[in-house]
Each structure stands twice: as C-alpha cells, then as structure tokens.
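Q: Take a look at this one; I'll ask things after.
No lab work stands behind these numbers, since they all come straight from the coordinates. None of the values given here were measured: they were computed from a predicted structure. Cβ: placed from backbone, ideal geometry, glycine included. Neighbour counts: every protein chain shown.
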Amino acid sequence: MNVFSRLRHMNILLIDDDEWIRESLKLFFEAEDCHILALETAEEGLEVLHCQDYDIIITDYKLPGMDGVAFLKQIQNSHPNAIKILITAYKSEAVVNEAKKVGVQHLIAKPFTSETIEASLTRLTANH
C-alpha cells in the first residue's frame, strides 16, 4: 500500500503563511485525492481544531502571530494522537528541542520538495 492510499483516509491540516508553499502543498495532496485544509495562521488552526479533528498536522515554525511550536504546544493535550510535522528554515538546536517537547515527530528543513513531505509521511503513517 502506498502512502497516498493511507492518506486518503486521513484529514490533513496545513498551516503556512507562505502562500506559494500553502497552495503548492494543497494542490499536491488534492491531486492524490487527499483531504487537506490549508490555513495561513496558527490562530485559524486553533479555531478549526475546536470543530474537527485532524490526523496529520503540518505547520511552519515562523508564522504571523503565534509560531508553530506555540500552536503545537496549545493542542498537545487535545490532539495527542495527531501526526505532527514542523517545517522550518530555522533548524537550530533550540528549535529542535522545543519541537520534540511538543510532540513533533518530524522536522523538515526549508527549502524542501514534495518528495521530502511524501517520504516523511510514508515513514510516519506506516503504523496507522
């Protein structure tokens, strides 16, 4: 079974303020018939997560307002089973340690490709 066969049965939440990244990933997942909601801010993500659960949460680190790690910390207890991926151009030891504390299973460094996301999700969804 390929990764997209698994992902078609999952809900994906993407948060990134970069419109190009957000729209590119949205098109990438939709082309494979995956359910994805792409948002610009962590605050929008918090609103959505009050109403719906997501199996996979992919967020950028640097966002306007609340950053990605603060967002993941806020949802840590309410969404403990979601697969969490952090995208960042700021992959310092401090960011890596912060990310681990809030349950991030994979950190993807910018710049990245769709193949990077696919490989990460292949590994992270193998047991789902």
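Q: Say R0 is 35 Å: what FRET efficiency, to the nearest 0.05, do ALA70 and ARG123 get from their beta-carbon distance?
A: My answer for the efficiency is 0.85.
Q: In addition: Taking R0 as 25 Å, what FRET efficiency do you get between SER114 and GLU43 from their Cβ-Cβ distance, rounded to the nearest 0.05?
A: 0.40
Q: What list of ³J(HN,Hα) couplings, whole Hz, do you get for segment 64-76 from phi and the Karplus terms 6.51, -1.76, 1.60, once you set θ to phi - 60° and write x for glycine and proline?
A: Karplus values, whole Hz, x for Gly and Pro: x, x, 5, 7, x, 5, 4, 4, 5, 5, 5, 9, 3.
Q: Given only helices, namely DSSP H runs of n ≥ 4 each adding -39500 (n - 2.57), what is the per-residue ellipticity at 222 nm of the chain, to the nearest 500 deg cm²/dmol?
A: -13000 deg cm²/dmol
Q: Here's something else I'd like to know. Relative contact order for the chain: what is it in percent, counting Cα pairs under 8 Å that are at least 6 residues apart?
A: Normalised by residue count, the contact order of the chain is 23 percent.
Q: Shifting gears a bit: On a C-alpha basis, how far is the centre of segment 1-61 from the centre of segment 81-128 in Å? Whole number, if you could?
A: One Cα centre to the other: 14 Å.
Q: Moving on to the next point. What FRET efficiency comes out for TYR90 versus ASN11 if R0 is 25 angstrom and r is the Cβ-Cβ distance? Round to the nearest 0.05.
A: 0.35
Q: How much length would be gained if the chain were fully extended between GLU23 and HIS50, taking 0.36 nm per residue of separation minus their Cα-Cα distance, in nm to one decimal?
A: Gain on stretching GLU23 to HIS50: 7.4 nm.
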